[in-house]
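What follows is one structure encoded as structure tokens, with my remarks underneath.
The values are calculated or read from the model by the stated rules, or taken from the named source; none is laboratory data. Keep in mind that this is a model prediction, so the values were computed, not measured. Heads up, the Cβs are rebuilt from the backbone with ideal geometry, glycines too, and the neighbour counts pull from every protein chain shown. Side chains included, ligands, DNA and RNA excluded: accessible areas come from the protein's heavy atoms. Shrake-Rupley method; radii C 1.70, N 1.55, O 1.52, S 1.80 Å.
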Amino acid sequence: MREIVQAACPHDCPDTCAMHVTVEQQGGKRIAVHVAGDPSHPPTAGTLCTKVSRYLERTYHPDRVLRPLRRIGKKGAGRFEAVSWDRALDEIAQRLGAIAARDPQGIVPYSYAGTMGLVQGESMAQRFFNRLGASRLDRTICASAGGEALLYTLGVRQGTDLEQFQNSRQIIFWGANAVASNLHLWSRAQEAKRRGARLIAIDPYRSLTAERCHEHIAPLPGTDGALAMGLIHVLIREGWLDRRYIEDHTLGFEALAERALDYDPARVAQICSISASAVERLAQEYWQVRPTVIRLNYGMQRAHGGGSAVRAIACLPALAGHWRDPAGGLLLSSSGAFAVNEAGLTRPELLGKRTPRTINMSTIGEALHRASPPIEALIVYNSNPVAVAPQSAQVAQGFAREDLFTVVLEHFLTDTADYADFVLPATTQLEHLDVHRSYGHLYQVANNPAIEPLGEAAPNSEIFRRLAGKMGFTDECFQESDEEIAAQAFLSCGSAPYDWQGLRSQGWQRLDLPADYAPFAQGNFPTPSGRCEFYSQRLADLGLDPLPDYVAPYEGPVSTPALAQRFPLAIISPPARNFLNSSFANVQSLRGTEGEPRLDMHPIDAAARGIADGDMVEVFNDRGSFCLRARVCERPRLGVVVALSIWWKKLAADGKNANEVTHQRLTDLGRAASFYDCLVEVRRAAK
Ligand code: SF4
């Protein structure tokens, strides 16, 4: 007998697809035999990306960790013995208890978006760490520079409704490779194109998206802020301004206009290494074609000035009046539209009067060596820091510390799990219950368990529930079931009440917002002034620049000329189409499609180094090196090399990936990692 279970994609992707999982009874067991998109889910309309259409291959992968494992080899060697849950949890509780008795801040949770679910993400886990008084984690590795920039400018992480993009007349993909990482927005852009809309890409790399746009502008990485300031300069110089909107709904126009005087197109062209005419033309198109919407994505904020750059870009729709139309404006994230019940999920009251220190996940390599008090235990879930955190060699050295006690909740023996003292088997999305918001559309999505947990795997929530029991935490919140947690995950559904049971049976629910939702058509910015804040008093009060500006990269010919002489190429490592961060890199069919780690290099850069297409090359700087195969092509602009990522280090021939060369310096806002602010040199690898 076949049954279709209503589910949700859990991965770190703005689309948050509603899924149908087909389940059969085989030998008395429920077996998932097919996953597909839910055709009735309006934003995603029944299409899953290639990665998640292989979800069964991931769930039933022969390498799944299905029993608790205890380390028997050297840290990093990945040698373990299977142990019982009782033995694993007893020993973990005893080790954590001893550390907590000295100072619970010695215990650090490390987690991110391995699942985006509100139940299996930071609910029971955060309750556990709050009760313990463990260090807090500043979850900055991906999106916090842009996220904070939106909060300071618009007052909320919100933007244009995905379901309006097909009505736009012009879509600017700014640092956004929608074909690879925002599939359903791309379908709407295709529809807009069929209706005559113009598509423009701004990206140092001729991505799959950029090659399908009418126009592609390729600034140097980390210079997007200068380009945005140049556009502001031209809009103001030409009087291409919605003066009424500016007067009624913005704050700080005069100060912004004065700042923008410094960014005439000739100077911007020099900073970005593009033509001045491209800046002039883009500004004119931005003003004349209405409505225009900007699809901004997170790649461009992974540089020193990433926060300021997003602030500058977020000023554009208010200047030109594009927010007036539901199909105009800007979308970086829609997550702020959801009223998540953070306090109900995570129970901050369990901390009592304690105010533990905060460890920034983007500088975990530093922290493992220098934090005071020292990090004595790491509990890793929903993340693979040894592969994904910057300056990987230092991160791996930290994880290799013999005095560090490490527990990893995982599906597979990842680069990080190899360093664990205990690996605890976690369930996949098909095996547990969850509920999701989205950061790309306006729907809550439910995930019903389709099958029983495989082997001895348990949901994250259950693992922390059991651990809380072993630690003697008797607070009532540790008894709550996943169902009860899901039922309190949201405070509302837009202006309607949140109805978990209804959501669970239907699978998805649009927030109660109008069909032609235009969040800032009438202003209503939830900033302190109620206006779009070009000038931010909150930033001024923090001693930070209250206006948007261009902040030069940490590493570049202007900031560090001597370094740029030795390492003249900028490297970026955006997502490979068949991977999602480091997830799926071990799924054979997807890895087969990606082939092997490759470095895309412009023919002129390759020729200058005697490198031919297909050569093995070494990418290096003072922090480290890694080897991969050169693909000589015109996708990267001159002076930029691109390593599509993120490969597991242990699956690469040299055991390394692109994070060997990245650094741990932080963005100007949001304390985020600046992965794409990195200079390297490339040479042919020794045979
Ligand atoms: S990764 Fe994104 S596009 Fe792919 S199934 Fe999940 S939500 Fe949909």
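Packing around the peptides 76-89, 263-276, 22-35, 662-675, taken as the average count of other Cβ atoms within 10 Å per residue, puts them in this order, highest first: 662-675, 263-276, 76-89, 22-35. Where a ≥ b ≥ c are the square roots of the eigenvalues of the C-alpha gyration tensor, would you call segment 227-269 rounded, which needs a/c under 1.5, or, failing that, prolate if a/b is larger than b/c, or oblate? Taking the square roots of the gyration eigenvalues as a ≥ b ≥ c, segment 227-269 is prolate. Amide hydrogen proximity for VAL641: with H placed 1.01 Å from N in the peptide plane, the residues at 5 or more positions away or on another chain lying under 5 Å are ALA570, ILE571, ILE572. Protein heavy-atom surface of the chain, 1.4 angstrom probe: 50% of the accessible area is carbon and sulfur, with nucleic acids and ligands not counted. Rounded, prolate or oblate: which one fits segment 109-239, using the alpha carbon gyration tensor with axes a ≥ b ≥ c (rounded when a/c is under 1.5, else prolate when a/b beats b/c, else oblate)? It is prolate, given that a/c is not under 1.5 and a/b is the larger ratio.
Calculate the FRET efficiency for ALA266 and GLU215 from the Cβ-Cβ distance with a Förster distance of 22 Å, rounded to the nearest 0.05. Don't skip to the end; give the middle numbers.
Numbers: r = 20 Å, r/R0 = 0.93.
It comes to 0.60.
Normalised by residue count, segment 341-500 yields a Cα convex hull volume of 154 Å³ per residue.
Using r as the Cβ-Cβ distance of ASP541 and MET1, and R0 as 51 Å, what FRET efficiency do you calculate, to the nearest 0.05? Present the calculation step by step, with values, prior to reporting the outcome.
Numbers: r = 63 Å, r/R0 = 1.24.
Efficiency computed from Cβ-Cβ geometry: 0.20.
Between the amide H of TRP508 and those of ALA446, distances stay under 5 Å, these residues lying 5 or more places away or on another chain, with hydrogens modeled in the peptide plane.
How much length is gained on full extension from ALA101 to SER372, taking 0.36 nm per residue of separation minus their Cα-Cα distance? Write down the numbers at each step before the final one.
Working: separation 271, 0.36 × 271 = 97.56 nm, distance 1.65 nm.
Here the answer is 95.9 nm.
Per residue, the accessible area of segment 202-333 comes to 31 Å², computed with a 1.4 Å probe over protein heavy atoms only. For segment 252-267, 3J(HN,Hα) computed residue by residue from phi via the Karplus equation (6.51, -1.76, 1.60; θ = phi - 60°) reads x, 4, 4, 5, 5, 4, 5, 4, 6, 4, 6, 10, 5, x, 5, 5 Hz, glycine and proline entered as x. In the chain, the DSSP-assigned H stretches of four residues or longer account for a calculated mean residue ellipticity at 222 nm of -8000 deg cm²/dmol, using -39500 (n - 2.57) per stretch and the full residue count as denominator. Here the chain yields Rg over Rh of 0.95, to two decimals, using C-alpha coordinates and the Kirkwood radius. Listed by chain and number, the lysines whose C-alpha is less than 28 Å from the C-alpha of LYS353, apart from same-chain residues fewer than 8 away, are LYS470. Cysteine residues of the chain whose Cβ has no partner cysteine Cβ closer than 4.7 Å: CYS13, CYS49, CYS142, CYS213, CYS272, CYS315, CYS477, CYS493, CYS532, CYS627, CYS633, CYS678. Listed by chain and number, the lysines whose C-alpha is less than 30 Å from the C-alpha of LYS656, apart from same-chain residues fewer than 8 away, are LYS51, LYS74, LYS75, LYS687. Using only the Cα atoms of segment 5-60, construct the convex hull and provide its projected area averaged over every direction, in square nanometres to one decimal. That works out to 3.9 nm², a quarter of the Cα hull's surface.
Between GLU476 and LEU208, the distance separating the two model label sites (each 7 Å from Cα on the Cα→Cβ line) works out to 5.0 nm. Principal axis extents of the Cα atoms in segment 571-656, from largest to smallest and rounded to whole angstrom, are 36, 26, 19.
Each label point was placed 7 Å from the Cα along the Cα-to-Cβ direction; for ASP613 and GLU484 their separation is 6.2 nm. Using every pair of separate Cα atoms, the Kirkwood estimate puts the hydrodynamic radius of segment 505-565 at 16.2 angstrom. Between HIS34 and ALA343, the modelled labels are 4.7 nm apart [label points 7 Å from Cα along Cα→Cβ].
Using the Cβ-Cβ distance between THR47 and SER273 with R0 set to 41 Å, the FRET efficiency from 1/(1 + (r/R0)^6) comes to roughly 0.65.
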